[in-house]
Structures are given as structure tokens and as C-alpha cells.
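Here's the structure, in C-alpha cells; my notes come after.
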Ligand SMILES: Nc1ncnc2c1ncn2[C@@H]1O[C@H](COP(=O)(O)OP(=O)(O)OP(=O)(O)O)[C@@H](O)[C@H]1O
Ligand SMILES: [Mg+2]
């Protein structure tokens with residue numbers, strides 16, 4: 001698969017990637033290597049200029065949908081400032097035409113799942129950065145997506161909040177087992193979270209390595225401080241170093 | 001997906017909102033904003049009064065504030081009728097400007113082509129001096145009131161159109177992607193995303209247009225002159241000028257100023273009420 005923008009920038013070239021159902025996959029790479037572009041192609045927001053995207057899961061075929069249900073978490077929380085947290089989370093359901101009471105019930109439980117019960121009527125500007133991100137995650141989860149696409153969702157957060165959200169994301173994922181494609185440029189985050197790290201290089205954007213992280217879940221703080229984690233991080237760092245040098 | 005998984009609640013809790021201290025029903029720190037201009041106003045009126053009395057200035061050159069007030073009360077009957085006519089024209093023009101401006105901006109937002117083709121004409125309408133075209137409009141339109149309304153509308157219309165167009169196009173691009181991702185229809189995108197995003201700019205435009213509609217109504221009436229049919233405040237000023245009733249001229253001028261200020265404040269209040277929950281402009285900053 002390849003992507004060339006209208007101004008001639010070749011953002012991706014020769015990308016061939018399989019994503020398994022229920023998998024937690026990280027895309028890791030230097031800035032400008034086309035991670036966001038790849039994610040936007042996966043979401044269907046932009047079309048690849050060459051190659052194609054195939055959805056081949058049994059669930060899709062039985063339902064006859066052309067595309068699985070997606071959840072997208074942007075780098076910024078991307079909330080509507082004029083709407084309360086609850087209305088923001090309920091937005092995808094509202095767009096799908098669900099009745100008010102039902103969508104508010106589901107939005108409230110999605111908010112509770114990300115630890116924000118009691119903040120339904122808060123407006124985004126009254127929430128901290130981490131809380132806004134949680135609202136954004138709740139909005140992505142509210143439709144019970146098959147695939148959750150996350151574009152550096154925690155990049156702007158401090159380390160403590162980030163660790164906490166990492167853990168929360170993992171526990172939600174273990175419960176529901178949707179597919180996650182997680183873009184990051186933090187080696188530590190990618191190793192901690194995912195089953196497989198895909199390392200990308202820039203100019204043109206391409207996949208250079210795939211590293212499996214074969215550590216069973218649940219992963220927690222003991223994993224974060226283990227020697228195993230450190231050695232995996234080293235492996236991935238080296239891979240990333242090669243990718244930058246390449 | 002099961003909905004039962006419980007994550008630890010965040011420690012952060014909603015702060016109970018501190019009660020705003022009120023004096024006579026007005027927030028305490030809003031008082032200086034009301035009192036200071038009032039004190040300045042009263043002081044200048046006092047100085048004016050004293051200056052007129054001490055220098056023995058005749059009322060047909062500069063009347064004292066007390067004389068203007070007396071005239072205002074004595075001629076209240078005619079003046080209030082005129083005020084009412086000016087108000088009608090102003091508000092009708094503002095309403096039409098807001099409605100048409102909004103509709104046209106929505107039309108512009110639907111297609112770049114429509115915007116490209118029509119926007120220059122809106123600019124032409126805006127840059128043409130109203131005094132220059134008012135006589136034509138008054139000749140073409142038989143009904144004087146309607147002619148005045150059209151003139152006031154032309155003056156008031158542009159800020160709403162340009163602001164709302166800008167607002168409709170400035171919705172966050174990630175949010176627009178999000179709407180596309182969830183396959184929102186154009187109508188949904190318009191009502192749930194673009195119109196709310198445009199609201200602050202629309203209201204700012206409305207506030208500018210409120211003043212302009214009044215100016216447009218007054219100017220057009222000056223141009224229309226003493227037609228005698230629609231005798232708003234501008235007509236009173238002209239008439240008083242001819243009859244050398246300078247205090248009445250000042251009284252009419254005073255009413256125009258007060259009208260302008262009231263329009264400005266009312267639109268500001270509407271702006272505050274609609275935006276107070278979310279827009280940066282309407283939120284009181286701590287510290
Ligand atoms: N709309 C666009 N038009 C033209 N070029 C673009 C466009 N979007 C991205 N690019 C280019 O494509 C390349 C990849 O961009 P992309 O945003 O996918 O990088 P990224 O890996 O997400 O980087 P970061 O980590 O900084 O977010 C960059 O060189 C960028 O300049
Ligand atoms: Mg990016």
C-alpha cells in the first residue's frame with residue numbers, strides 16, 4: 001500500500017501490514033514517518049493512492065458490513081466545547097440516530113468505565129487534560145467498536161497520568177478484546193501496551209521491523225519494572241535506532 | 001462488551017461552586033463596571049451645567065443638561081413616537097440582517113463555488129456608502145418605512161454574514177473528521193458541529209450589527225429628509241434644527257445614544273447567556 005499526497009509528498013510506500021482480530025498493535029516511528037497517515041487510511045478518512053485495505057473477519061461477513069465499527073482517538077481530545085462530557089460521549093450514538101434516553105444511558109456507562117462517573121454534566125474546559133482524554137476514549141468506546149484506532153493519545157500528558165491511562169486502557173481492552181492500533185513514539189509505551197510493535201521509518205514512510213512482545217496479560221507495574229521489560233525496550237529502541245538511521 | 005468493569009474513580013472531585021457574593025442582586029465585582037462610568041457621566045454633566053450657567057451660554061448654542069431634560073419630558077409625547085419608529089426600523093433591519101446573513105452564510109458553507117461567486121457582491125454592498133444609495137432606494141421603494149429598513153439592513157448585514165461564514169468554516173478539523181468517521185449527514189454536521197462552532201462569531205457579528213442597524217436607520221432617515229410619513233428620531237433632529245429648537249435636538253440625540261447603548265448591552269447579555277458555559281470569552285478567569 002502507498003500514499004502520495006496531492007502536493008507530491010510520498011507519505012507511505014510499500015506498507016504491508018496484517019492486523020489480527022483482537023490484537024493490540026503499536027505503530028512506532030520517528031516524527032513524520034507516516035503513522036498518522038496510515039491510521040487515517042485504516043479509518044477510511046483518506047484513500048491509499050496505491051494498494052488496498054481488506055477487512056477479512058468472519059464477523060464482518062456475517063454482518064455484511066463493508067467496514068468494521070471503528071473508534072478513533074485523536075492526539076488531542078477533540079471534544080465539542082459547547083457540549084457536556086455526556087453529550088460528547090453520546091455523539092456517535094446520536095449520529096447513528098439512537099434515542100436520547102438510550103444513548104445517554106450508554107454514554108454514562110462508558111464514562112463510568114473510564115473512571116469519570118459523576119462528571120456527566122461537566123463541560124470540557126472544566127476538565128483536566130487527562131480527564132478530557134478519558135472522555136475522548138469513552139466516546140471511542142461507546143459504540144462498542146471492533147477496532148480502536150489511537151493516534152498518540154497520551155503524547156501530551158504527564159508521565160503519571162499517562163501510566164494510569166495505559167493501565168486503564170489495558171484493563172478495558174482485556175475485558176472487551178477489540179483490536180487496537182496504537183500510534184506512539186514512545187518505546188516504553190509501545191512495549192508496555194502491545195502484543196506486537198511495528199517499527200516504521202521515514203522518507204518514504206515504511207515498515208522496517210515487527211517485534212513481538214510475548215508477555216502475557218495482565219501487565220502491571222511489576223512488569224514495568226522487570227528486567228524483561230527493560231531488555232524488550234532495548235530491543236525495540238535498537239530497532240527504532242536502525243529505522244531512523246536507515 | 002460487558003459494562004461491568006470498574007476502574008478506580010479519579011481522586012479529583014467537582015468543587016462545589018463558590019457562591020458569588022451579590023449586592024442588590026448584582027455580582028459584587030460587577031459594581032465598578034456600572035458605577036465608574038456612571039460617576040464619570042454625572043460629573044461631566046455637572047461640569048457642562050456649570051459651564052453653561054457660569055458663561056451664560058444661550059440655549060440655542062449649547063443648552064444645559066437640565067434644559068435638555070426638561071425638553072425631553074415636555075416633548076416626550078412626540079419624541080417617544082419617533083423613538084418607537086426608529087426602534088421598529090432598527091430591530092426589523094437587525095432581524096432581517098441576522099436571518100438573511102445566517103442563511104446566506106449557511107449557503108456559502110455548502111459550497112466553495114457559491115461563496116466564490118456571491119461573496120464579492122456582499123462586499124460591494126458593504127463598501128458602497130449608504131448615504132450615496134439611500135436616495136435611490138427611497139425613490140425606488142414607495143413605502144418610506146420599507147426604504148429605511150432596506151438601508152439599515154444593508155449597513156447591518158455584512159458583519160453577520162462575514163463572521164458567520166468564518167465561524168462555519170472554522171470548526172475543528174479533527175471534529176469534522178470524527179463526524180465523517182461516524183458517517184454524519186450534512187444536516188447533522190451543520191446542526192451539531194458547524195452552527196455551534198459558528199455561534200460565538202455570529203453573536204459577535206450581531207453585536208456589531210446592532211449598532212450599525214441603528215446608524216443605518218438614522219442615516220437613511222436623514223437622507224429621506226422631511227418626508228413626513230415616517231418621522232423617526234432623525235426627522236425630529238432635522239425638524240428641530242430648522243426650527244432652532246436646539247434643546248429638542250439634544251433630547252433626540254440623547255435618545256439615540258441611549259438606544260444604541262441599550263442595544264449593545266442587550267446583545268452582550270444574549271451573548272453571555274448563550275456562551276457562558278463553554279466559550280473562553282464568557283468565562284471568568286480565576287486569579
Ligand atoms: N495532508 C497532507 N498533505 C501533504 N503532506 C502530508 C499531509 N499529511 C501529512 N503529510 C506528510 O506526510 C508525512 C507523514 O505524515 P504523518 O502525519 O503521517 O506523520 P506521523 O508519523 O504521524 O508524524 P508525527 O509523529 O509527528 O505525528 C509527513 O512528511 C507529512 O509532511
Ligand atoms: Mg501523527
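Values in this text are rule-based calculations from the coordinates and carry no lab data. Computed from a predicted structure; not experimentally measured. Cβ sites come from the backbone with ideal geometry, for glycine too, and all protein chains shown count toward neighbours.
What whole-number distance in Å separates the alpha-carbon centres of the range B:232-278 and the range A:8-31?
Centre-to-centre distance over Cα atoms comes out at 64 Å.
Specify the residue with the greatest mean-square fluctuation among B:22, B:248, B:183, computed from a Gaussian network of chain B linking alpha-carbon atoms under 10 Å apart.
B:22
How large is the helix-only mean residue ellipticity at 222 nm for the protein assembly as shown, computed as the sum of -39500 (n - 2.57) over DSSP H runs with n ≥ 4, divided by its residue count, in deg cm²/dmol to the nearest 500? Could you put the intermediate results ahead of the total?
Values: 19 runs with 303 residues, N = 533.
The helix contribution divided over the protein assembly as shown gives -19000 deg cm²/dmol.
Only counting other Cβ atoms within 10 Å, I'd like B:71, B:164, B:78 sorted with the fewest neighbours first.
B:78, B:71, B:164
For peptide A:119-126, how many partner chain Cβ atoms fall within 10 Å of a residue's Cβ, on average?
3
Across peptide A:87-96, what mean number of C-beta atoms from other chains lies inside 10 Å of a residue's C-beta?
Per residue, the number of nearby Cβ atoms from other chains is 3 on average.
Which order do A:98, B:249 fall in if you start with the one that has the fewest other Cβ atoms within 10 Å?
The most exposed by this proxy come first: A:98, B:249.
Quick one: grab the alpha carbon gyration tensor of chain B, order the square roots of its eigenvalues as a ≥ b ≥ c, and give me rounded if a/c is under 1.5, else prolate or oblate depending on whether a/b is larger than b/c.
oblate
Let me confirm one metric for peptide A:72-82, namely the mean number of other chain beta-carbon atoms within 10 Å of its residues' beta-carbons.
Numbers: counts 5, 0, 5, 1, 3, 1, 7, 4, 9, 10, 12.
Across the residues of A:72-82, the mean count of other-chain Cβ atoms within 10 Å is 5.
R0 = 30 Å: FRET efficiency of residue A:144 with residue A:203, Cβ-based, nearest 0.05?
0.20
From the Cα gyration tensor of the range A:101-162, with a ≥ b ≥ c the square roots of its eigenvalues, which class applies: rounded if a/c is under 1.5, or else prolate if a/b is larger than b/c, or else oblate?
oblate
Only bridges whose two residues both fall in the protein assembly as shown count here: according to DSSP, what percent of them are antiparallel, nearest 5?
Once the DSSP bridges in the protein assembly as shown are tallied, antiparallel ones form about 35 percent.
Let's test the formula: R0 of 56 Å, r as the Cβ-Cβ distance of residue B:110 and residue B:50. What FRET efficiency results, to the nearest 0.05?
In this case the efficiency is close to 0.35.
Let me check against my output: what whole-number percent is the relative contact order of the range B:72-275, with C-alpha pairs under 8 Å and at least 6 apart? It would help to have the intermediate numbers written out before the result.
Numbers: 248 pairs, mean separation 60.5, N = 204.
Reported relative contact order: 30 percent.
Using only the Cα atoms of the protein assembly as shown, what do you get for the radius of gyration and for Dmax, in Å?
32.0, 99
Between the range A:111-135 and the range B:161-190, what is the C-alpha centre distance in whole Å?
Comparing the Cα centres of the range A:111-135 and the range B:161-190, I get a distance of 23 Å.
Considering the Cα trace of the range A:3-245, what is its radius of gyration and what is Dmax, both in angstroms?
Final numbers for Rg and Dmax: 18.1, 54 Å.
For the pair residue B:62 and residue B:269, how long in nm is the line joining their label points, each one 7 Å along Cα→Cβ?
Rounded to a tenth, the inter-label distance reads 3.4 nm.
So how do A:35, A:3, B:145 line up by other beta-carbon neighbours within 10 Å, fewest first?
Ordered by Cβ neighbours within 10 Å, fewest first: B:145, A:3, A:35.
Report the Cα centroid-to-centroid distance between the range B:85-134 and the range B:30-65 in angstrom, as an integer.
39
May I ask you to order A:232-239, A:136-143 by the average number of other C-beta atoms within 10 Å around their residues, highest value first?
A:136-143, A:232-239
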